Amino acid sequence: MALAQENDSVTQFSGRTEICYGDNAINTLETLKGNHAFIVTDPFMVKIGFADRVISGLERAGISQSVFDKVEPDPSLETVQKGTVQLLADGADMIIALGGGSSIDAAKAMMFFACKADPTRKKPRLVVIPTTSGTGSEVTAVTVVTDTEAQLKIPIIDPLIVPDVAVLDARFTRSVPPSVTASTGMDVLTHALEAFVSTRANAFTDLYAVHAIQYVFRYLLRCYRNGDDMEARQNMLLASCMAGMAFNNSGLGVTHSVAHTLGGIFHIPHGTANAVMLPYAIRFNSFDVRDRYRTIAKKLELPCDTVEQGNESLIEAVRWLNSQMGIPGRIRDLGVSEEDFSNAIEAMAGHAMEDACTTTNPRRPSKRDIRQLLRQAY
Ligand SMILES: [Fe+2]
């Protein structure tokens with residue numbers, strides 16, 4: 001995940017994106033320099049007027065624009081190809097991604113393929129306006145495209161696709177319903193907690209991860225209970241971005257490895273899968289990084305007189321947060337039958353072992369370990 005190449009004696013941290021946030025963050029668009037912007041979004045963003053809000057900002061900056069509004073959830077290779085063709089034909093010098101993880105992923109992939117198709121052309125500036133607080137994609141070098149025919153998720157990790165500008169304006173997240181606020185918010189917590197205990201965690205990723213964790217515990221429930229609480233919305237948007245900064249440099253862990261396969265096989269939303277798995281993964285890792293978990297418990301002012309108590313408190317706190325937002329404690333409560341689960345467990349363990357996130361997990365798992373972890377969570 002990290003931009004820096006791994007090197008035993010050198011630790012690197014990279015944060016290239018210009019982050020603009022605050023009450024009127026969207027006004028940043030009026031200050032951009034460019035000729036033509038290619039806006040990548042989905043039909044809902046057009047319908048509720050968010051795309052218009054972006055267009056008027058660009059017009060005030062004297063930037064012409066075209067809109068690609070055909071991004072679907074889990075963007076397909078086909079959609080990305082269509083967008084890339086249009087992007088190349090338009091000759092845009094700026095790409096604006098407006099939406100949740102899918103639109104941002106699609107825009108990053110279009111830029112990647114456009115640059116590969118025509119290496120002589122200057123890389124367009126990538127400006128990202130997230131409308132959910134979850135992926136942290138506005139600052140990461142990662143995108144995922146789905147090959148629907150082969151039923152394959154294709155990850156692309158390349159410094160080229162790190163966004164140049166992230167505009168964090170909480171008004172764009174106001175339309176997110178409570179269930180999505182809950183699952184995307186738990187994705188943020190998982191990014192930050194996994195970054196903090198990752199084998200590649202460092203002094204800088206720790207700063208971002210700890211702050212993001214504290215913000216999630218302070219503001220996620222407020223967002224869930226009252227979607228119009230703009231202070232909470234803004235701070236969850238910052239938490240999401242900070243967690244992105246952390247994991248883009250440190251990598252993630254087994255919670256994500258297992259969540260990826262649960263999503264692939266049972267179509268469980270990414271954040272929900274992470275939320276359910278997280279307490280089990282903390283217990284799974286605690287032998288190796290129990291002092292780190294205790295540090296987090298301490299930062300959250302949870303009981304942590306002993307290391308054991310700190311670990312238990314953290315697990316309990318995550319469970320409690322889930323329960324307050326209607327997220328179940330077990331995979332069986334997500335509509336996965338015992339038979340389907342048993343039939344899939346071998347494949348899931350295999351996928352999780354191969355997942356890139358497993359390489360930075362603090363405890364090196366065996367396939368048997370993953371099977372056991374899955375059974376416990378079921
Ligand atoms: Fe995630």
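The values are calculated or read from the model by the stated rules, or taken from the named source; none is laboratory data. This one's a predicted model, so the numbers in the text were calculated from it and none came from an experiment. For neighbour counting, all protein chains shown are included, and Cβ atoms are generated from backbone atoms with ideal geometry for every residue, glycine included.
Restricting A195, A201, A212 to residues that are small (G, A, S), modelled with pLDDT of 95 or more and more than 13 Å from the ligand (Cβ to nearest atom) narrows the list to A201.
Close Cβ contacts (under 6 Å, 6 or more residues apart or on different chains) running from residues in the stretch 25-41 that are among the polar types (S, T, N, Q) to residues that are crowded, with 24+ Cβ neighbours inside 10 Å comprise T28/V167; T41/L98; T41/G99; T41/S103.
Looking only at the stretch 320-338, which residues are surrounded by fewer than 11 Cβ atoms within 10 Å (Cβ to Cβ) and under 17 Å from G264 (Cα atoms)? Answer for the stretch 320-338, where residues must be surrounded by fewer than 11 Cβ atoms within 10 Å (Cβ to Cβ) and under 17 Å from G264 (Cα atoms): just S337. Remark: F341 matches the filter, which requires a residue to be surrounded by fewer than 22 Cβ atoms within 10 Å (Cβ to Cβ) and not basic (K, R).
Between G263, G310, the distinction of being within 16 Å of the ligand (Cβ to nearest atom) and in contact with a helix residue (DSSP H, G or I) (Cβ under 9 Å, 6 or more places away or on another chain) belongs to G263 only. Just to be sure before I move on: is F284 in a helix (DSSP H, G or I) and within 14 Å of the ligand (Cβ to nearest atom) in the structure I sent? No, not satisfied.
Checked against (1) crowded, with 23+ Cβ neighbours inside 10 Å; (2) away from the ligand (no atom under 16 Å from the Cβ), C241 passes all but condition (2). Across the stretch 171-180, a minimum of one residue is classified as within 19 Å of S323 (Cβ to Cβ), at pLDDT 95 or above and either buried (at least 24 other Cβ atoms within 10 Å of the Cβ) or within 15 Å of the ligand (Cβ to nearest atom) (or both).
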